[in-house]
1. Choose one answer from LYS62, LYS24, LYS84: the residue with the largest mean-square fluctuation in a GNM of the chain with alpha-carbon springs under 10 Å.
2. Quick one: with all protein chains in place, what share of the accessible area of the chain is carbon or sulfur, to the nearest percent (1.4 Å probe)?
3. Take every Cα-Cα pair in the chain and report what % of them are more than 24 Å apart.
4. In the chain, how many lysine pairs have Cα atoms under 24 Å apart, counting only pairs 8 or more places apart or on different chains?
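The values are calculated or read from the model by the stated rules, or taken from the named source; none is laboratory data. Here the structure is a predicted model, which is why all the values come from computation and not from measurement. Surface accessibility is based on the protein's heavy atoms, side chains included, excluding ligands, DNA and RNA. Shrake-Rupley method; radii C 1.70, N 1.55, O 1.52, S 1.80 Å.
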Amino acid sequence: VVGGSYMFDDFFSMDSPFFRFMAKVADFMILNVLFIICSIPIVTMGASFTAMYDILTKMDTKKEVPAASGFIKAFKSNLKTSTKLWLIILGVAIFLLIDLYLVGNVVPMSINVQVTLFIVFLVMLFVWVMASGYILVLQARIENPIGRTIKMAFALTLVHLIPNSIFTGVISLVPIVL
């Protein structure tokens, strides 16, 4: 056909690069909405994150992964363990934040002890946040007991300390600071 009308036929084809890209965008939007909905009860945020990460890694390695049904399946299969891990992550973080508050504001002590304890608890919190970035990712990829998953996360944190773990820790703490 004269004038390149085949060009428009290719563009509007469902197999065109444009529509494949838009299908990926739609899958990401579906995953995001499912993540937010399943994270509304804060308790299930760990399972929601694990399911989202699981589907995103599958989408990265395979061409066709059903976003919604894959997310629901991954959410259900990881619900128990990921929720326990998430509650541990949250509990330790809250404990360390309370320690920071108490050292800085409540417990009377000398300034040297106060500064030392504040730095120790701040470093512990930062290391915990860096390790937490790996805990749920490991849960999505490998089935392990909870203790072993946490140990592996700390090992990964130390092995990838610069720049990955520090970058993960800083990005994770930005919403808390703001």
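1. Looking only at LYS62, LYS24, LYS84, the largest GNM fluctuation is found for LYS62.
2. Details: 8580 of 11600 Å².
Exposed carbon and sulfur together represent 74 percent of the surface.
3. Numbers: 8141 of 15753 pairs.
The proportion of pairs with Cα distances above 24 Å equals 52 percent.
4. Lysine pairs, 8 or more places apart or on different chains, close enough: 17.
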